[in-house]
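The values are calculated or read from the model by the stated rules, or taken from the named source; none is laboratory data. Because the structure is a prediction, the values reported are computed rather than measured. Reconstructed Cβ throughout: ideal geometry from the backbone, glycine too, with neighbour counts over all protein chains shown.
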Amino acid sequence: MSSIDLKSLTKEQLREIEQKPKSKLSKILDKVILFLPVFSIILALLEYYYVPNYGNNLITDVYGIFLGAQLIIFLVLGILSFFIKRVYYRIRHIAPFATFVYILLMIYDYATLKTNSLLLPYFPWVDNILNAMLTDQAYLLDCIKNSLKLLFTGYFWGVLIGLITGIACGYSKIVSYWISPFMKLLGAIPSITWIPVIMVFASSLFKGAVIVIALGVWFSVTMSSYTGIKNIDVSYYEAAKTLGASERQLILNIAIPSALPHIFQGLVMGMSTACVSLLAAEMIGVESGLGWYITWQRGWAKFSNMYGAIIIICIIFVVVNFALGYIRKKVLKWQEGVIQ
């Protein structure tokens, strides 16, 4: 097969070519693994509805509907996987972990709702948590909006300043001489350590929280940008200069594109730092947001509401990191196979 033919193949077709021929038993095992999430959800539903509850513990159909909806999704995807290879590979990849999660939920439900091994109010059962989220959904939506506003405002300023300082330090020895000491000093201290100081001098709690988040993001993006610029082969600059490239062209057309893999790593690390700083800032000073909501509900021993907010935070962070990874893959498509 020629190289032109290989380039025209999709990922799935290349994966099929590279895979060793599977035995009949292996193929059957793959099909079983595809439907493991379905089996685990059915077990969780049977446990939820047919195992007697402990004492006066009551249930609603919210958790049952939650599991039922996912059962339908996995059934449909499992059927589609027989006809669409892309769906097959995706489901085959996530099926073992999804099964593990549903089994954990079943064990947790048994330990709380059915046997009371994990005691209320510290360990509410899943149905209790979901109902708390639905009951307080208006307040939670407002907290989500405020948290996202704070998160992306701080992240934007941290990325912007981090890119400027990182690229400038990596490209110019003079700038690096003056900025590097501050990078080493501030980088050694977690951004949340500055919360008491920043909250005193900031004109508002919101601005103070933005500075805390931006400070953590700034260091991650600055260091990654700096490292990416410094690792560029000097011969690239020399070749461009012989063709008459200006300093501006060297930065925009060579330095920044070559450093993009490192920059995106810094963006992902910066988002993780921003999330930690966000929760810390909200728990200490901000008057609205998911971190503030968690502290508030914990103070009133409403652990169902608290766990609901934690679940929402986890979902938000997973979605944001997935979006960053998707953008990175699209921008760095030319490095596919190198950047994972």
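Selection of segment 254-310 for residues being in a loop (DSSP other than H, G, I, E, B) and among the hydrophobic types (A, V, I, L, M, F, W, C) yields Val286, Trp300, Ala301.
Looking at the structure I just gave you, is Tyr293 crowded, with 19+ Cβ neighbours inside 10 Å and under 28 Å from Leu163 (Cα atoms)? Considered against the rule, which asks whether it is crowded, with 19+ Cβ neighbours inside 10 Å and under 28 Å from Leu163 (Cα atoms), Tyr293 comes out as no. Within segment 60-85, no residue satisfies the criterion of being loosely packed, with under 13 Cβ neighbours inside 10 Å, outside any loop (DSSP other than H, G, I, E, B) and either among the hydroxyl-bearing types (Ser, Thr, Tyr) or touching an Asp or Glu at 6+ places or on another chain (Cβ under 9 Å) (or both). Restricting attention to segment 18-56, the residues being at pLDDT 80 or above and over 13 Å from Met106 (Cβ atoms) number 13. Just one residue in the set Gly216, Gly166 is touching a residue at least 60 places away in the same chain (Cβ under 8 Å), more than 27 Å from Val286 (Cβ to Cβ) and surrounded by 14 or more Cβ atoms within 10 Å (Cβ to Cβ); that residue is Gly166.
Looking at segment 92-99, can you tell me whether even one residue there is touching a helix residue (DSSP H, G or I) at 6+ places or on another chain (Cβ under 9 Å) and of a type in the set (Lys, Arg)? Yes, that holds for at least one residue. With respect to Tyr108, is the statement that it is under 25 Å from the mean Cα position of the chain (by Cα) and either over 24 Å from Lys27 (Cβ atoms) or small (Gly, Ala, Ser) (or both) true? It is true that Tyr108 is under 25 Å from the mean Cα position of the chain (by Cα) and either over 24 Å from Lys27 (Cβ atoms) or small (Gly, Ala, Ser) (or both). Figure legend. Inter-residue proximity from segment 135-150: first residues more than 22 Å from Val276 (Cα to Cα), second residues surrounded by 15 or more Cβ atoms within 10 Å (Cβ to Cβ) and not aliphatic (A, V, I, L, M), beta-carbon distance below 6 Å, spacing 6+ or different chains. Indicated pairs: Asp136/Asn305. Is it true that Phe82 is over 28 Å from the mean Cα position of the chain (by Cα) and either outside the structural domain of Phe303 (by TED's automatic domain parsing) or aliphatic (A, V, I, L, M) (or both)? The answer is yes for Phe82.
In segment 250-272, is there at least one residue being under 29 Å from Trp125 (Cβ atoms) and at pLDDT below 90? Within segment 250-272, not a single residue is under 29 Å from Trp125 (Cβ atoms) and at pLDDT below 90. Going through (1) farther than 30 Å from Tyr63 by Cβ; (2) touching a residue at least 40 places away in the same chain (Cβ under 8 Å); (3) in contact with a Ser or Thr (Cβ under 9 Å, 6 or more places away or on another chain); (4) β-branched (Val, Ile, Thr) one by one, Ile129 falls short only on (1).
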